[in-house]
Each structure stands twice: as C-alpha cells, then as structure tokens.
1. Checking A170 against (1) out of contact with any Gly (no Cβ under 8 Å at 6 or more places or on another chain); (2) within 23 Å of L115 (Cα to Cα), only one condition comes out false. Which one?
2. Hey, any hits in the stretch 31-48 for a residue that's at pLDDT below 75 and either part of a helix (DSSP H, G or I) or small (G, A, S) (or both)?
3. Within the stretch 106-126, can you find the residues that are of a type in the set (F, W, Y) and free of Cβ contacts under 8 Å to residues at least 40 places away in the same chain?
4. For the stretch 84-97, which residues satisfy the criterion of being of a type outside the set (D, E, K, R) and touching a residue at least 40 places away in the same chain (Cβ under 8 Å)?
5. When you scan the stretch 199-221, how many residues do you find that are open to solvent by 40 Å² or more (accessible area, probe 1.4 Å), touching a residue at least 60 places away in the same chain (Cβ under 8 Å) and closer than 25 Å to L116 by Cβ?
6. Mind checking whether some residue in the stretch 222-229 is β-branched (V, I, T), open to solvent by less than 30 Å² (accessible area, probe 1.4 Å) and either free of Cβ contacts under 8 Å to residues at least 40 places away in the same chain or over 21 Å from I17 (Cα atoms) (or both)?
7. From (1) open to solvent by 30 Å² or more (accessible area, probe 1.4 Å); (2) touching a helix residue (DSSP H, G or I) at 6+ places or on another chain (Cβ under 6 Å); (3) in a loop (DSSP other than H, G, I, E, B), pick out the condition that doesn't hold for A99.
8. Taking L124 as the residue in question, decide whether it is in a helix (DSSP H, G or I) and either modelled with pLDDT under 70 or touching a Leu at 6+ places or on another chain (Cβ under 7 Å) (or both).
Amino acid sequence: MTATLATGEARNLHIDIARISVGRPLAWLQLGWQDTRRNWLTSLGYGALIVAFGWTLLIFCGTHPYYVAAAISGFLLVAPVASAGFAEMSRRYSLGQSATFDESMDGFARNYGPLLWFGAILALCAIAWFAISAVMLDSVFHIPAPNMEETLYRGFIDTLNRSQVEAYFAVGGILALFVFVVSVVSVPLIIAQHVTAGQAMLASLRAVFSNIPAMIVWSALILLLTVIGYAPLLLGLLIISPILGHATWHAYREMIR
C-alpha cells in the first residue's frame, strides 16, 4: 500500500504487512514485560492513571448496565490512545535511548493531530454505542433508558433477565471487535511513521485480516488479561496495562514493514 503523508512535507510511504505465526502474541507479551521492567516508575505511572480513570468510571457507572456499558466504552477510548506513551517508550528502547516520563510524552506531541483524530473516531464509536443501546432498550426490551437518579439510587439491573443482558452486551462486543481491528497497530504507526489516522486504521485492518489466527490469539489474550486486571478492583491493570501497551509496539514492529 502506498500512502501520501501530510506531515509538513508530502512523501510516499510503502507499507507491507508481514505474516506472523499464531504464537507470536505470546512473545509480544514477554517483550512487553521486559519493556515494563526497564523503567518501572514511568510504566506504572501510566498504569496508575488508567486505574484512576477506571475507578472514576465505576463510581458513576457501576449500578446500571447502561452505564456499565459507558464504562466499557470509556476504556475502549482511553486504552488505544493512552498506549501512545507506552509505544514511545518502547520505540526509544529499540533505538537504545532512555525513556523517562517526560520523554515518553513525545509520543503524544510528535504527531498529535492524527492521534486526536483517532481519539475522535473512537469517541464516535462510543456515541454510536449509546444510541444503539438506547434503541435496544426501548424497541427490543421495551424498557426506557435509565436516568441518573435510577442509576445512582435504585439500580435497574434486576429488571433485565439473562437473555436481555447477554443481548445487550453483545452489541458492546461488536463495538469492541471493531475497535480492536482498527487499533491493533494504529497508534505505534502514527507515532513512528507520521501517518494519518485513516491510513493507520487501514493498515491495522490489513494487518488483522492478514494474520487472523494470530489476531484471534492476541484478542483472546487481551480479553483474558483485562478481565484479570479488572478483578481486584482494577488494581491488576496497574501491571497489565503497561505490559499490553508495550506489547502493542512489538506487534506493530513485527507486522508492519
């Protein structure tokens, strides 16, 4: 694929997608762990920010499935964009450079325009989720979307049966799948090659469909580790989010040429 970049000086960038073995995601986790250990303070600092964000969402969103979905959407938004800090650290490590917290912020500043666009696209996904879920509650389950008073004081989850809850969160699963497909390598590619958000998402899409077995393993690992991270009051994300964030850089390095 040849893409014209608009980052001060137009140039052509040829992106080749490499095929990887099904077990490579396990190696990415190992490399992510190694990068996390290189600078515990900075990596755990980013992890603490993600945990704090999660706690904030749970305080306001934990008593109703509609707002639990909002919390999940929030994590979908913050995780890929927040990985810019981890990706910049791993990029610097690969060049034999140091990576303090201040230096890792260069990942956000170097090509902030496409990163903002990418975040805006994920924000649109969240808005779509709210709209679709509200329609489902009203037209499929014949239940009005909750107001804040119901959410904070009475709760509403007991009014839904198991099949309704499963159907409701299935929509969230579809959203999560879409976000995964378009964000597997998007942030590292934006940081390293100064591509646009659209070019990065297209490359990510190609990478996923060129490596479907490995991507099934990678998505399953992300889901499993995220669930583990959620379990102890989100404290597991303090370690898991840096590992996954750094691993994303290594996924990009192996799949994108």
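The values are calculated or read from the model by the stated rules, or taken from the named source; none is laboratory data. Small disclaimer: the values here were computed from a predicted structure and weren't measured. All Cβ positions, even for glycine, are placed from backbone atoms using ideal geometry, and neighbour counts span all protein chains on display. Accessible surface is based on the protein model in full, side chains and every heavy atom, while ligands, DNA and RNA are left aside. Shrake-Rupley method; radii C 1.70, N 1.55, O 1.52, S 1.80 Å.
1. (2)
2. no
3. Correct list: F108, Y112.
4. Listed by number, the residues that qualify are A84, G85, F86, A87, M89, S90, Y93, S94.
5. Of the residues in that region, 2 qualify.
6. The answer is no; no qualifying residue exists.
7. Going through (1) open to solvent by 30 Å² or more (accessible area, probe 1.4 Å); (2) touching a helix residue (DSSP H, G or I) at 6+ places or on another chain (Cβ under 6 Å); (3) in a loop (DSSP other than H, G, I, E, B) one by one, A99 breaks only (1).
8. Spelling it out, it is not the case that L124 is in a helix (DSSP H, G or I) and either modelled with pLDDT under 70 or touching a Leu at 6+ places or on another chain (Cβ under 7 Å) (or both).
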